[in-house]
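Visitor: Next up is a structure, given as structure tokens.
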Amino acid sequence: MTTTMTMAKALNAGLRAAMEADPKVLMMGEDVGKLGGVFRITDGLQKDFGEDRVIDTPLAESAILGTAVGLAMRGYRPVCEIQFDGFVYPAYDQIVSQVAKIHFRSRGRMPMPIVIRIPFGGGIGAVEHHSESPEAQFAHTAGLKVVACSHPTDAYWMIQQAIAADDPVVFLEPKRQYHGEKAEVDTEATPPPLFTSRTVREGSDLTLLAYGPTVRLCRDAALAASEEGRSLEVIDLRTLSPLDLEPVFASVRRTGHAVVVHEAARSLGMGSEIAARIQQECFYALEAPVLRVAGFDTPYPPSRIEEEYLPDLDRVLDAVDRSLAY
Amino acid sequence: MSTLPNETLVEMQRRMLRIRRFDERASKMVKRGQIPGTVHTSIGQEAQVVGATMALGDDDYMSGNHRSHGHPIGKGSPLGPLMAELVGKATGVCGGKGGSLHLADFNVGSLGESGIVGSSIPIATGAALSSKVLDNGRVALAFFGDGAANQGCLYESMNMAGVWDLPVIYLCENNQYALSTPAHTVTSGVIAERAAGFGMPGVRVEDGQDVLKVYEAVSAAVENARSGGGPTLVEVITYRYNEHSEGLRLGTDYRDALERESWVGRDPILSFRKHLVDSGVATEDEMDQLEIDVLAEVEEAFEFSQESPFPEPEVAFLDLYTDNPIGAHA
């Protein structure tokens, strides 16, 4: 069955499907129940599944994650919503010190099937602490898996797959796309496995690598470049830990050029790891250094100038030009 | 309270009015796109803010939160640089880099604000520790809401303050909702009573819409702290009239319309005006003039914010480090 959905609706439908499929799935977070979340992602779920399964928690991120660990130990699959990216740090200790390590520490006896949903990224004109991209900090932490959706169809399937996964998954949702582009979501299709990247546009001159909010940007860049006779391949990484780079290596071996695009600050961002792996695996195929288009190495700026901070079409196309002219 | 000079009483009303009109203007500016993002207004909570800030001395410290327009105004900040900060201008108190969540006027003892709920509580505690070590008699006050009352760092801080006898006041601005979540559904027991566990006094001001009641309670806590008596937790019951933040469209009523109406019916500014007139502190004409003066101040602040230049985008790279070694970004 095909339904037209925004990303917000797709996530809501995906969460609903996961709750229907498994009574051990719980939602918890600030304002997620009666209100349905500030972005309305859990809208209607408490009404339909009850207060024991969709839990309005106190404003206490560390305790939200810690109690999720206890629930997971007793067989539940908690889905914790962090209201905004910048609010995750009070929970950082629980995530890094407990969630990520318990399966390992218990020698595999104690799985941690927790999903940590984080609306991330900028572009909505928000105040400080509301536009951050913390993915590298989690991807750097062994024991966590990290994924980012970029499209309503992926959002619908990936959230269900993340909940069904037995490992903890940091699930990043590009908040500026929640109520943006709609898509026809086939709720009976067979989705690709969760921890796989996907080519969203084929091309032969250069490989653009993106995830979350920058996938749309790179699709637009590829379209613009095609008018100049350049053929850009766009790969949506989808999974940041583990990385699924075989399709990336295959692409770069064909194109010889790669540009990674993310909103997070450039230094030690995802682009750094991806560039390192590409040069290791595709060294003789590369015709130019792997370039990165990213946020600047500063705190996220006041929203009035966020458009200058965020990667945009010009910066992506400029990097494409520089790579191809190398 | 009858011992308070008339000019102090009128000043309380002036500062409450400044907060109200400033935030009404800010709300309008958000809706007109003159302020990027959003703001969290203190409308409805003016008595709680002014009662607390005016109980502090000029040299005392305070730390704020996400709803902190009122705090610097209550402590006497001029409005122009605050309004300019909301708009993101170079003349703002943080040079336009802070915005609504960082209306931090360090000139009036502000230690800054933060949108991370609860995070400025330990900072005020640290300032109080410095006061104790330096023995300089300066008191620190941390403003936080009922939502933050459930964050662990409050209790980490209260324990330190208790065991070290720090001159700090933990002021819980209980407006009864953490965004949409009613405090009573997520708060075990009474917030003020939690003080007992740390061996410090806990005071609950049930009528936080009465500026004198708040002033009295906080003044006693300040006096106690200044004289070496250690920390106090003060919980003030109040109410915000507006949405959690301006322009936030939640599309659902988590608050009862009658509830809001009943709080608006005991408006702190209108009641205090009546009190001032009835008790002979001021005449109706004087109160009318005060309204006119404050409106003019806010209008002037608005003009200042509009005439001021925006910072150059390059400023985004400044001040990250003391030596600003941010290199070229190829």
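The values are calculated or read from the model by the stated rules, or taken from the named source; none is laboratory data. As the structure is a prediction and not an experimental result, all values here were calculated from the model. Every residue, glycine as well, gets a Cβ built from its backbone with ideal geometry; the counts of neighbours run over all protein chains shown.
Visitor: Touching an Asp or Glu at 6+ places or on another chain (Cβ under 9 Å), touching a residue at least 12 places away in the same chain (Cβ under 8 Å) and under 25 Å from A:Leu223 (Cβ atoms): is that true of A:Leu291 in this structure?
Guide: Against the criterion (touching an Asp or Glu at 6+ places or on another chain (Cβ under 9 Å), touching a residue at least 12 places away in the same chain (Cβ under 8 Å) and under 25 Å from A:Leu223 (Cβ atoms)), A:Leu291 does not qualify.
Visitor: Given the criteria small (Gly, Ala, Ser), assigned to a loop (DSSP other than H, G, I, E, B) and away from chain A (no Cβ under 14 Å), does B:Ala282 qualify?
Guide: yes
Visitor: Let me ask something else. What number of residues within the range A:144-175 satisfy the criterion of being of a type outside the set (Asp, Glu), surrounded by 22 or more Cβ atoms within 10 Å (Cβ to Cβ) and under 11 Å from the mean Cα position of the chain (by Cα)?
Guide: Going through the range A:144-175 one residue at a time, the tally reaches 15.
Visitor: Okay, moving on. Residues that are polar (S, T, N, Q): which helices (runs of 4 or more DSSP H) entirely in the range A:23-135 hold 1 or more of them?
Guide: The helices (runs of 4 or more DSSP H) meeting that bar are A:45-49, A:61-73.
Quick grid of which residues meet (1) under 18 Å from the mean Cα position of the chain (by Cα); (2) within 11 Å of chain B (Cβ to nearest Cβ); (3) in contact (Cβ under 8 Å) with a residue 60 or more places away in the chain:
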| position | (1), (2), (3) |
| --- | --- |
| A:Lys9 | yes, no, yes |
| A:Arg16 | no, no, no |
| A:Met19 | no, no, no |
| A:Glu30 | no, yes, no |
| A:Gly33 | no, yes, no |
| A:Ile41 | yes, no, yes |
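Yes/no per residue for (1) under 20 Å from B:Gly51 (Cβ atoms); (2) among the charged types (D, E, K, R):
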{"position": "B:Pro78", "(1), (2)": "no, no"}
{"position": "B:Leu86", "(1), (2)": "no, no"}
{"position": "B:Ser110", "(1), (2)": "yes, no"}
{"position": "B:Glu113", "(1), (2)": "yes, yes"}
{"position": "B:Ile116", "(1), (2)": "no, no"}
{"position": "B:Ser130", "(1), (2)": "no, no"}
{"position": "B:Leu134", "(1), (2)": "no, no"}
{"position": "B:Leu141", "(1), (2)": "yes, no"}
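Visitor: Just one of the numbered conditions (1) within 14 Å of another protein chain (Cβ to nearest Cβ); (2) surrounded by fewer than 17 Cβ atoms within 10 Å (Cβ to Cβ); (3) among the hydroxyl-bearing types (Ser, Thr, Tyr) is not true of A:Ser97; which one?
Guide: (1)
Visitor: Right, something else. Have a look at A:Asp52, A:Asp85 and point out the one that is more than 10 Å from chain B (Cβ to nearest Cβ), among the acidic types (Asp, Glu) and buried (at least 17 other Cβ atoms within 10 Å of the Cβ).
Guide: The unique qualifying residue is A:Asp85.
Visitor: Of the residues that sit in the range B:133-153 and are facing chain A (nearest Cβ under 10 Å) and hydrophobic (A, V, I, L, M, F, W, C), which one is surrounded by the most Cβ atoms within 10 Å (Cβ to Cβ)?
Guide: Applying the filter and picking the extreme gives B:Ala149.
Visitor: Any residue at all in the range B:124-132 that's farther than 27 Å from B:His244 by Cβ, among the basic types (Lys, Arg), touching a strand residue (DSSP E or B) at 6+ places or on another chain (Cβ under 7 Å) and more than 14 Å from every other protein chain (Cβ to nearest Cβ)? Give the steps one after another, and end with the answer.
Guide: Residues of the range B:124-132 farther than 27 Å from B:His244 by Cβ: B:126-132.
Among the residues that remain, those that are also among the basic types (Lys, Arg) are: B:132.
Adding the requirement that they be touching a strand residue (DSSP E or B) at 6+ places or on another chain (Cβ under 7 Å) leaves none.
So far as the range B:124-132 goes, no, none of its residues is farther than 27 Å from B:His244 by Cβ, among the basic types (Lys, Arg), touching a strand residue (DSSP E or B) at 6+ places or on another chain (Cβ under 7 Å) and more than 14 Å from every other protein chain (Cβ to nearest Cβ).
Visitor: Also: Look through B:Met62, B:Met54 and report the one residue that is within 17 Å of B:Gly208 (Cα to Cα) and within 12 Å of the chain's Cα centre (by Cα).
Guide: B:Met54
Visitor: Could we say that A:Pro111 is within 25 Å of A:Arg16 (Cβ to Cβ) and in contact with a His (Cβ under 7 Å, 6 or more places away or on another chain) here? Steps first, please.
Guide: On the way: within 25 Å of A:Arg16 (Cβ to Cβ): yes; in contact with a His (Cβ under 7 Å, 6 or more places away or on another chain): yes.
So A:Pro111 passes the test.
Visitor: Going through the range B:61-96 one residue at a time, which ones are assigned to a loop (DSSP other than H, G, I, E, B) and within 15 Å of B:Gly112 (Cβ to Cβ)?
Guide: Step one: filter the range B:61-96 for residues assigned to a loop (DSSP other than H, G, I, E, B), giving B:64-69, B:75-78, B:88-96.
Result: B:Gly64, B:Asn65, B:His66, B:Arg67, B:Ser68, B:His69, B:Lys75, B:Ser77, B:Gly92, B:Val93, B:Cys94, B:Gly95.
Visitor: Right, here's the next one. Would you check which residues across the range B:198-226 are acidic (Asp, Glu) and free of Cβ contacts under 8 Å to residues at least 60 places away in the same chain and list them?
Guide: Within the range B:198-226, the first condition is being acidic (Asp, Glu), and the residues that meet it are B:206-207, B:210, B:216, B:223.
B:Glu206, B:Asp207, B:Glu223, listed by residue number.
Visitor: Still on this structure, I have one more. Taking the range A:26-69, which residues are out of contact with any helix residue (DSSP H, G or I) (no Cβ under 7 Å at 6 or more places or on another chain) and closer than 18 Å to A:Ala164 by Cα?
Guide: The one that is out of contact with any helix residue (DSSP H, G or I) (no Cβ under 7 Å at 6 or more places or on another chain) and closer than 18 Å to A:Ala164 by Cα: A:Ala68.
Visitor: So A:Gly122 passes all but one of these: (1) in contact with a strand residue (DSSP E or B) (Cβ under 7 Å, 6 or more places away or on another chain); (2) within 14 Å of chain B (Cβ to nearest Cβ); (3) over 23 Å from A:Val38 (Cα atoms). Which condition number does it fail?
Guide: A:Gly122 satisfies every listed condition except (3).
Visitor: Okay, next question. Of all residues in the range A:155-198, which are under 26 Å from A:Phe249 (Cβ atoms) and out of contact with any strand residue (DSSP E or B) (no Cβ under 8 Å at 6 or more places or on another chain)?
Guide: Passing the criteria: A:Trp157, A:Gln161, A:Thr190, A:Pro191, A:Pro193.
Visitor: For the range A:176-238, give me every one of the strands (runs of 3 or more DSSP E) that falls completely inside it and has 3 or more residues that are buried (at least 20 other Cβ atoms within 10 Å of the Cβ) and modelled with pLDDT of 95 or more.
Guide: Correct list: A:206-210, A:232-236.
Visitor: Being more than 14 Å from the chain's Cα centre (by Cα) and among the β-branched types (Val, Ile, Thr) is the filter here, so list the residues in the range B:143-175 that pass it.
Guide: B:Val163, B:Val168
Visitor: Can you tell me which residues in the range B:1-23 are of a type in the set (D, E, K, R) and in contact (Cβ under 8 Å) with a residue 40 or more places away in the chain?
Guide: B:Glu11, B:Arg14, B:Arg15, B:Arg18, B:Arg20, B:Arg21, B:Asp23, listed by residue number.
Visitor: Name the helices (runs of 4 or more DSSP H) wholly within the range B:158-276 that hold at least 2 residues that are within 14 Å of chain A (Cβ to nearest Cβ)? It would help to see each step written out before you state the result.
Guide: Numbers: elements: B:183-186, B:211-226, B:257-264.
The helices (runs of 4 or more DSSP H) meeting that bar are B:183-186.
Visitor: Please work out which residue is farthest from B:Phe310 (Cα to Cα), limiting yourself to the range A:270-303 and to residues that are more than 14 Å from chain B (Cβ to nearest Cβ) and part of a loop (DSSP other than H, G, I, E, B).
Guide: A:Tyr284
Visitor: A further question follows. What is the residue count in the range B:186-197 for residues that are without any contact (Cβ under 8 Å) to a residue 12 or more places away in the chain and in contact with a strand residue (DSSP E or B) (Cβ under 8 Å, 6 or more places away or on another chain)?
Guide: 2
Visitor: Let me ask you something else. For the range A:125-143, which positions are of a type in the set (Ser, Thr, Tyr) and either surrounded by 24 or more Cβ atoms within 10 Å (Cβ to Cβ) or touching a strand residue (DSSP E or B) at 6+ places or on another chain (Cβ under 6 Å) (or both)?
Guide: A:Ser131, A:Ser133
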